[in-house]
Every structure is written in structure tokens, then in C-alpha cells.
1. First compute the accessible area of region 768-820 with a 1.4 Å probe, then give the percent of it belonging to carbon and sulfur atoms.
2. Can you grab the distance from the C-alpha centre of region 355-429 to the C-alpha centre of region 436-502, Å, no decimals?
3. List, in order, the whole-Hz ³J(HN,Hα) value for each residue of region 616-622 obtained from phi through the Karplus relation with A = 6.51, B = -1.76, C = 1.60 and θ = phi - 60°; use x for Gly and Pro.
4. Would you mind checking which residues have amide H under 5 Å from Ser364's amide H? H placed 1.01 Å from N; only 5 or more apart, or other chain.
5. Give the dimensionless ratio obtained when the Cα radius of gyration of region 358-464 is divided by 2.2 N^0.38 Å.
6. Could you order peptides 194-202, 365-373 by the average number of other Cβ atoms within 10 Å of their residues, highest first?
7. Whole number in Å², please: accessible area per residue of region 282-387, 1.4 Å probe, ligands, DNA and RNA not counted.
8. Highest mean first, how do 631-640, 788-797 rank when packing is the count of other Cβ atoms within 10 Å averaged over residues?
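The values are calculated or read from the model by the stated rules, or taken from the named source; none is laboratory data. The shown structure was predicted, so the numbers you read here are calculated from the model rather than taken from an experiment. Counting neighbours? That spans all protein chains shown, and the Cβs are built from the backbone with ideal geometry, glycine included. The accessibility values were calculated without ligands, DNA or RNA, using every heavy atom of the protein model including side chains. Shrake-Rupley method; radii C 1.70, N 1.55, O 1.52, S 1.80 Å.
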Amino acid sequence: MNMDRTQHSGTRLSDPPTAADGLSPGAPEPVTKHAARFLPSTRYRHPGDVIRLIGSGLVLTGMLAAVAVVPGRLTGPGAAAVTWLGSDPARRVLTGLVQVAFVLAAVVAVAAVLRRRRFRLLGGLAAGAVTAGAMLAGILYLAGDKHPHAVTAAAGHSSWLASAAFPGPALLAAAAAVVVAAAPWLSRPWRETAWIALAAAGVARLITCTVLPAELVLAFASGVTVGAAVLVTFGVPDRRIGSEGIAAALRSAGLPVASVEPAGVQTKGSRPFVAVTDDGRRLFIKALGSDQRDADLLYRAYRFARLRNVGDTLPAASAIRAVERQALIAVMAERAGVRVPRVDRVVKAGGGTALLVMERVEGSSLGELPAQRISDDLLARLWADVDRLHRAGIAHRSLRAANVMIEGDGRPWLTDFSFSELAATQRQQDLDLAELLASLAILTGAERAVSSAAAVIGAQQLAAAVPLLQPLALSAATRHAIAREDGLLAQIRSAATVAGGLSEQPLARLRRVRPRTLLAITALAGAFYFVLPQLAQVGSSWHALQSAHWVWLPVIIASSALTYLASAAALIGAVPGRVPFWPTTLTQAASSFVNRVSPANVGGMALNARFLQKSGVSPGAGVAAVGVNALMGAVAHLILLVIFFTLAGHELAHAFKLPPASKLLLILAVVAALAGIVLATRRGRRLAKTRLLPGLRSAAASLRAVAVSPVKLTLLVGGSALITLAYIGGLAASVQAFGGHAGITEIGAIYLGAAVIAAASPTPGGLGAIEAALVAGLTGIGLSPGPAVSAVLTYRLATYWLPVIPGWAAWRLLQRRDYV
């Protein structure tokens, strides 16, 4: 077995990035065995294509947002156009040259592909071109097909082959997609020529006033996005250096080798080879190519967006620098007395590929070792090596069982320093300990892994790793393996807490705000707070704001504040024991900050559970109380929904149009059938048995404990109902502020129905869905669109956005006073 083996396990949080292999001209040569893969062995996914896809997608998204926010200013009649040439004859010449060049390029490209009989490539390019052109045509159609007078006049003139409108933005997008998708099959001079020609055509169309600047940006962004998506989906030709190229590079570097072969294992961050020298030495070789930096950049950007305080540093400037860094760290580790494979040399190969040549260790990885062969002496030696590594100021950063090789005599070797750090911080070393503890516990059990570590590194270092014993701090391979062992991570944390001499240690905060959450909040907030009035064609919104009775604003804010007092009362009523009122109220206020970045109030529920635990409530009882509180809130909402809809009666006929009873029955039947199918599967039954039924039993037990006390039951039921009634009162006050004359029963029914619709939305607080539903409901009962939109936006600003600032202050206060 080779000495630097890592197992394929998907994206990892503490492993090197995938697909980081070199690019070199030459015949395609598969170098790694794959059991089952979508791509053929002669193709692979280049990480640079993923970066281009993400970059162009962001540009396209930004342009679409700009067009949506200021319609008509970028692509409509009010857009600015370049009119430098005016009616100059040069405009007709430039337009004609572009048309001729466009047609000739298309003919030459098709002929070249057909001549080489690359029919699949031709089909892929054609599909990419059609997709990009159709996508841009759809975007421009939705944005409006009207143009400024100068553009319309210029495009209406005739030219050499057709009207001056040819080639339009859709064809430019198609051409960009073809150039991107065909680039891997073109030599460097032809790629540069294609891009220069395409850029020149775009500039010529711009200065001849036949395309708008925004249309040109949208065309190129759409084309590059589609072209990159084609390459990511179907891969690019695998022209990376192979066995023969590596053998030639080694011989030219003064290392006579008799043979070089693929190692036959799957790795991350490099491609593995084994070599045999003329004198019989066996070597292990890691090949890192120029695209390794692309993969490393993508991987570190992902970690930066998702995690914080994990000690990541900037990637190496090139593949050779990355190899030199690995070699240096391995040499420094060996000098510190750590058992690591000896580095033989670093070699530059062709095409920007760098080779790290090392001694090959005969043995197997610790992860493949039978449990009975993992002796106490082996564990002690392993922890001693880790301790020496950290004393030398080095963090391994991928310290899991797959990167520990075991020789036949039972000696461990630390391998794979591709993500390691010299001058490591304490956090980086603590992450090493957490990773190895979790990885060993999968093989030996929690108690044995912790006791072996405590015997060597001591209680103080072990205690520092406890806050990092959480899924986010572990590699994907360890995280997935430990997830299959129910409760193992909690057992490790408990054992390490006791061995470290701790009473209780909170987990470290590693997760940043999720990018998709920020994107959802930004997009939906912009759409429903800026675009919604225009979609509803409410030109009277400004007049409604001017004539508003702002004396109602304090009532709206007071109603919002009342919801937090009622929420505190409901939570206190759900807990059998005694909980202080004002800290509970602060916790509910803090939830207004936490829930802005978590869907379906998940963040607030977790905050409540943590607060109850810190207040002396047992973890199980605290989680059950939060569940009972949520359940009672849903029950109270449904009861009030029935009451208000019954009182409102026929007034809601235009506000909410329910489907016929037959369709409702059909929907219920489909839902029941799907539930039955899920429960009929083994995984569905296991989920119901292990997650659903225990939760229901716990909630029922907590509800029985609460029902014994009339005071607790009154607080729970009354607080849950008061939350909803306070929100209804706030909406009614907002409607009154803008001159609405709807009754409280109609407004209450509209709010309750809109809340049900928003509950199905995955966005935080139902952002977007509830605004649309409230506006539709208010206009449905007779309010003018202008006052309806203004009332809804004012209500949401006062009850959803305004509490964020005091909520953040409450969150900080709770942290300082150690309530959470």
C-alpha cells in the first residue's frame, strides 16, 4: 500500500479540494481508476470552469437585479446608448464587417468540427448556443423589448447581409457560449483569437448604436454562464500529465526510474503515482498541476463563506509553491521527531505540473486496520507523534485515520501535509485534536480514544478540543462516518469533558451566516419592498404615505412589543419549573435578530432551548417545552383562523379563493398516499420510530405536566393566542393609518390566512410570501392598491425589521450575562 492514501468521501471541511490536478498538453491518459462515474475516463471537471460558472453567474444575477430594480433605465426607452458614429458611413461598414465575420466564423467552426467527425462536440456546442440565445431572448422579453430612438433607428437600416440588427444580443450570447464550451478543444492561439474577435464584435455593435451597453453585458454573462455550465456538466479533455511524462520528468531531474504507474487509489488535492528506481527503491509521487490553485481558491472561498475561526490561510501562489510548502513541512516534522515519509525531492514537470517525490511506506491506513490490531501501544505512539508535531508549531489540518499509515510492525506514520500549517495557531492545533479524537472513536470507541489522548497530551490540551467536537469542525469523511454511529459524537464530547476536568463547555461558533440565506433575504426584500408596488401598479403609494395618519405608528410598535411579552409568557407556561420573566422576554426579543437568518423560526427555537438549559432546565425538558410552545402556537392559530373566518363570512370571498372541495379532497388523498409510501419504506419507519414518535411522546408528557397547573396552562394558552391577536392589532392599526375602513374580523382573517401561506415559505419569517398574501387579501376586500401596499410595508417594517436592532442588543446582553 502507498504511504499517502486518502479515501474519496466528497467535499471535506478540513481536507484539500477536489479535482486539483495538473494540465499538460499531450494525448489523453487516464491515470486514476474510478469505479462508477458519470464522465468517461478521458474527461474530467476542471475547477477553473466552476470558478467561471460562479463568477459569470454572479454578474448575470447582479445585472438581472439591476434591471428589475430600475426597469427601463438599462434596457428600455430611457437607457443610454453609444451614439459616437451617428449617421457616419463607417457605421455601415463596421456593421457589415461584423455580419460577414460572424457568418464566416460559424461556417468555419461547423466545418472544422464535421471534418474531425466530432459529432457529440457539435451537438454540445449547438445545445449551448441555443440555450444561451434563448435565455437572453427571454430575459430581454421580460425586461421589455422597447429601445431608445437612436438604437431603433440604427438597427432599422440595411447592411451588407441583413438589417443592421443582425447579429443581435441573443446571437452574441450564443457565440460567447460556443467560445467558452469549445475552448478546451482549441489551442492557445486559437482561443485567444476567438476571444479577441468576439470582443471586437461586441465593441463594434456597441459603437454602431445597434446594441445597448446593458444588453451587451447580459449577452456575455449569459453566454459565459451557459458555456461554463456545459463544461462543468460534461467535462473537458483529460490532457494532464501521465505516467510517461512523469517518468521523463524524473529522469531529467536526475532520478533514474525503471517504471511509473498510477497508484490506483483516489486522492484529493493531487494525483498519486508509484515509481520504482533502477536500484529497486519504491517511491510515492504526488502530481499537482496548474489547476490545483483554481481548486484551492474555490475550496477556500467556500470555507470562508461557510466557516469562521478555523485558521485558514491564503493558498499557495502556484503548484510548485504548494509542493515546496508540503516538502518543507514534512522535513520540519521529521526534524521534530515525528515519523513521516522522507521527502526525496521536488521536480518541475511540463505544463506547470509539480511533483513531490517521497519514500513509500509499506502498510495500510489506520482506517483500514482491523479493530483487534489497534493496540494501546499504537495509540500511544500516534498521540506522541501528534504532540511532537504540535510542539514544533505545526498543524496537520487533515489528521484523520485515512492519513495515518501503519507499518507491519505497528508503527504509525503521519502522511499528507497538503493542507498543513507552519507556525500554527492554537485553534488550528485544537482542530487537529478534535479531528483525530472523532476519527479514532469510530474505530475504538469514545472512551478508549479519549483515554489514550489524555494519557499522552494531558487534560489541558484535551479540554481545549472539546468546543470543537462538532460536525462543522470535522472533515466530511469523519462527519459522515460518525453520523452513522448514533450518539457517538455526544459520547466523545462527554468523555473528553470529564477527562479534561470540565463541568460544561459550550461549543465554539464556527458557522457564518449562510450565503444562500443572505441571498434569499436580499432578493426577496428587494423584490417585495421595491418591485411589489410596481407589480401591483400602485402609483398612489406615495400619495398614501403623504396622507397617512402617523398617530397610529406608536400603536403598531406597541403591538409588536406586546408579541414578545406574550411569547415570554407562553414559554414560561410551557416549562414545568420556574423561569425568570425578564430574561425570558429578552430571549424572545433576541429571537427577532436570530430568526432573520434562519427559516421557519428554527434559530429562535434553538435559542429558547439554550436559554432554558442555562436557566437550570434539563436539556430534554427544555427541548420538549420549546416543542410544546410551538405546538400550542399552531393550535391557537388554527382555532383563531376558524373563528375569524366564520365571523368574516362572505366578505372574504374575493380575498381568498379556495379550490373546490373535490380538489381539496384530492390534495389530502395525495398527501396521505405519500405519507403512506414513506412509512412503508424501512427508512421512513426508522425516521418515524427514532425521531417523530419520541418527540411526540416527550411533548405529550410535557403538556400533561403543564396541564396540572392552571396558572401554567393559562400562560401557555393565553400567551400563544395573544401573540397572534397582537399581530392582528398591529395590521389593523396600519390599515387605519392609511385610511382603510376594513373591519377587524376581515383583517384578522386575512392575517391568519396569509400567515398560513407564509409558513410554507422556506425564507426567514416568510419574507416575500406574507407581503404578497397580505396585499392580495387587503385589495380583495376592497382597499385601494396604494393604501394596501403602504399599510403592509409599514406593518412589516415595524414588526419585522425594526425589532432587529433591539433584538441584537438583547442578544448581546444575554451573552454578557451568560444566559445563552
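1. The computed percentage sits at 63.
2. Their Cα centres are 17 Å away from one another.
3. Listing the rounded values in order: x, 7, 4, x, x, 5, x Hz.
4. Ile406
5. Normalised by 2.2 N^0.38 Å, the Cα Rg of region 358-464 equals 1.00.
6. My ranking of the peptides, most packed first, is 194-202, 365-373.
7. 42
8. Taking the mean over residues of other Cβ atoms within 10 Å, the ranking is 788-797, 631-640.
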